[in-house]
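Some notes on the structure that comes next.
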Amino acid sequence: MPSAQVNGIELYYERAGVGPRLLFLNGSGSTLASIAPLIEVFAGHLDVVAHDQRGLGRSAVPLGPYTMAQYAADALGLLDTVGWTTCRVVGVSFGGMVAQELAVTAPARVERLALLCTSPGGAGGASYPLHELAGLSPSERAEVSTRLLDSRFSEQWLATYPQDHALVDTMAQRRSAPLSADARRGEAEQLGARRHHDVWDRLGRITCPTFVGAGRFDGIAPLSNSQAIAGRVAGATLHVYEGGHAFFAQDRRALPEIIEFLGS
């Protein structure tokens, strides 16, 4: 199992596929194991490197607090490890925040950038404060999480659309998986870094072609936040899909268009 010593910690990573070089950045609480099906889709068209971000999965869980700058530095250190001077970058949700931080820190290293269901922070709009879910009862947390995933997801809606019901069930199973004390601490530290994400005043540093993908019914990263990013990054294009925070699993147009952009 490949690992890299980056910024004083061990990061577990995987590489798969053939084609243009792509760095894939995961969302909040996501690991390579939990997001494997999505990574496999990208690896069918590109040479993909992805890692368990600090505090998660098979990577180290160092003492916190963590910062977004550290997450971006980890990703850049991983690129150095695999010998990539430049590459394309795709970030999903929290990964999109890391991707923005990386792109404004080292714009010359990013050939193309895809920012999916994410937010810039600051005056451009923040994503829903997921750390607040910990204070809810299990039933309240489940109800709120369902509506955050897609604002249309009522009991009636889910009874009518079984594919969306399956998506909700999948996400609920991920949230209910038992975690070690270290894993819980790592997730909490990630949410702590997420709270302070703000690249709004630095987005003008991004110079590469940028694809901003948003779900029309996203309750975590509202469409207005993606509109703000697209309006702030020169040459960015906004793509709105019929879905929520996991629009790429709901709208069949999404993944082919994202992959076409990244593979160009």
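Remarks
- Theoretical gain in end-to-end length, residue 134 to residue 252 [0.36 nm per residue, Cα-Cα removed]: 39.2 nm
- For segment 1-128, the alpha-carbon radius of gyration amounts to 0.97 times the rule-of-thumb value 2.2 N^0.38 Å expected for a compact globular protein.
- Translational diffusion coefficient (Stokes-Einstein; Kirkwood radius from C-alpha pairs) of segment 32-106 at 10 °C, 1.306 mPa s, in µm²/s: 120
- Under the Debye formula (equal points on every Cα, no solvent term), log10 I(q)/I(0) of segment 223-264 at q = 0.32 Å⁻¹: -1.07
- Gain on full stretching of the segment that runs from residue 15 to residue 182 - 0.36 nm per residue minus C-alpha separation: 57.6 nm
- Projecting the alpha carbon convex hull of segment 158-208 along each direction and taking the average yields 6.8 nm².
- At R0 = 30 Å, FRET efficiency that the Cβ-Cβ distance of residue 84 and residue 166 yields, to 0.05: 0.25
- With viscosity 1.567 mPa s and temperature 4 °C, the Kirkwood radius over alpha carbon pairs of segment 98-191 converts through Stokes-Einstein to a diffusion coefficient of 81 µm²/s.
- Full extension of the chain segment joining residue 155 with residue 205 gains 13.6 nm, where the gain is 0.36 nm per residue of separation less the Cα-Cα distance.
- Zero-based 5 Å bins, Cα pair distances in segment 71-131, whole percents: 4, 18, 29, 25, 13, 7, 4, 0
- Over the C-alpha trace of segment 31-71, radius of gyration and Dmax come out as 12.5, 37 angstrom.
- DSSP bridge orientation in segment 114-264 - percent antiparallel, rounded to nearest 5: 10
- At q = 0.15, 0.18 Å⁻¹ the log10 of I(q)/I(0) for segment 131-264 amounts to -0.92, -1.18, computed by Debye summation with a single uniform scatterer per C-alpha, solvent ignored.
- Hull shadow area, averaged, the chain [alpha-carbon convex hull, nm²]: 12.8
The numbers here are math on the coordinates, done by the rules we state, and not lab data. Worth saying up front: this structure is predicted, and the values here are computed from it rather than measured. As a convention, Cβ positions derive from the backbone with ideal geometry for all residues, glycine included, and neighbour counts pool all protein chains shown.
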